[in-house]
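Everything on this sheet refers to the single structure shown next.
The values are calculated or read from the model by the stated rules, or taken from the named source; none is laboratory data. Just so we're clear, the structure is a prediction, and the values are computed from it rather than from any experiment. Glycine also receives a Cβ, built like all others from the backbone with ideal geometry; neighbour counts cover every protein chain displayed. Surface accessibility is based on the protein's heavy atoms, side chains included, excluding ligands, DNA and RNA. Shrake-Rupley method; radii C 1.70, N 1.55, O 1.52, S 1.80 Å.
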Amino acid sequence: MALMAVFGVMLSLAGTNAEPPKMARPPKFPPEVQGVFFDDPRKELKGERPDYEHPAKASRANAVAEGGEAGTAAGFAWSKLIDAATIESEVKRLSTLVDKDVSTPTEFKGGGNKLCRRDFSLLAVLFAVTGQYDGDARWKDISPGLRDEFARAGYNSKAASDQTYNEVKERKQNLADLIHGNRPQTPKAETAVEWAHVADRPPLMQRLNIAQQERLTKWVADAGSFKKNQADVRHEAQLVAMIAEIITREGFDYTDDAQYIGFAHDLRQAASDANAAAEKGDYDAVRQAVGHAGKACTACHEAFRG
């Protein structure tokens with residue numbers, strides 16, 4: 001009986017020809033307002049769309065949109081992370097280290113090859129960045145060729161052999177010539193980079209550890225130490241920011257993992273903050289930024305090994 005009553009009410013309403021509820025008309029904007037907006041914003045978007053079904057890809061796409069990554073030589077502003085003067089200074093410092101690393105075949109085979117692997121790998125990275133640098137940088141025109149030669153020497157230094165020693169000895173001389181203003185003969189090479197072919201990740205992680213644990217942490221332990229090492233704090237912070245960006249590039253381990261990419265981006269940002277604060281002489285801000293960098297490193301090491 002109740003069901004019949006409900007049905008009767010529905011029929012009654014259907015027969016009333018009731019008008020649909022009135023709705024507000026869309027607003028009309030004057031031309032000066034309409035000109036502010038795009039007719040179709042989707043046509044104005046640039047870059048890869050985030051893939052939210054694959055978080056690591058989405059993180060990478062967001063990084064590109066923010067200027068945090070690029071796959072072409074002209075697509076990334078390295079100057080935002082490291083000064084050209086810092087690159088040149090680090091190359092010169094590495095020249096001094098290499099001079100010690102490559103002394104005699106006996107010392108090279110007794111462990112010096114491991115130091116060569118680290119130092120030549122970093123040199124290869126520095127020349128790779130120089131070749132793509134968005135501004136003037138010393139040795140920029142020959143850097144792609146230098147990149148490939150030092151990358152090969154770094155990779156081959158895994159083996160402590162006579163052949164490898166002869167190779168790194170030749171690269172040592174090339175580096176000395178470069179520092180003293182001579183231009184060594186280098187093979188022609190493209191500025192485009194396959195970063196995993198430039199350097200293995202372990203040597204870069206070793207350099208990050210030196211910067212973070214052996215230098216920055218000690219240099220910001222107190223205000224006096226910071227004041228004494230202020231220029232070097234900037235130098236190391238810029239190197240950390242550069243390496244933190246490079247280890248997110250395609251080809252390296254874990255770069256398909258969103259958590260790993262997040263740790264690397266946190267480290268890059270903390271290092272950039274430390275550099276900016278050191279430039280201003282703001283000790284408290286530098287110490288805080290270095291602390292954040294250390295936390296990013298620790299969290300990453302706990303989650304990823306190797």
Being open to solvent by less than 40 Å² (accessible area, probe 1.4 Å), assigned to a helix (DSSP H, G or I) and not hydrophobic (A, V, I, L, M, F, W, C) is the filter here, so list the residues in region 135-189 that pass it.
SER143, PRO144, GLY145, ARG147, GLU149, GLY154, THR164, TYR165, GLU167, ARG171, ASN174
Within region 188-199, does at least one residue satisfy the condition of being free of Cβ contacts under 8 Å to residues at least 12 places away in the same chain and out of contact with any strand residue (DSSP E or B) (no Cβ under 8 Å at 6 or more places or on another chain)?
no
Looking only at region 78-113, count every residue that is open to solvent by less than 30 Å² (accessible area, probe 1.4 Å) and at pLDDT 90 or above and tell me the total.
16
Residue within region 114-128 that is over 20 Å from GLU250 (Cα atoms), modelled with pLDDT of 95 or more, in contact with a His (Cβ under 6 Å, 6 or more places away or on another chain) and in a helix (DSSP H, G or I) present:
no
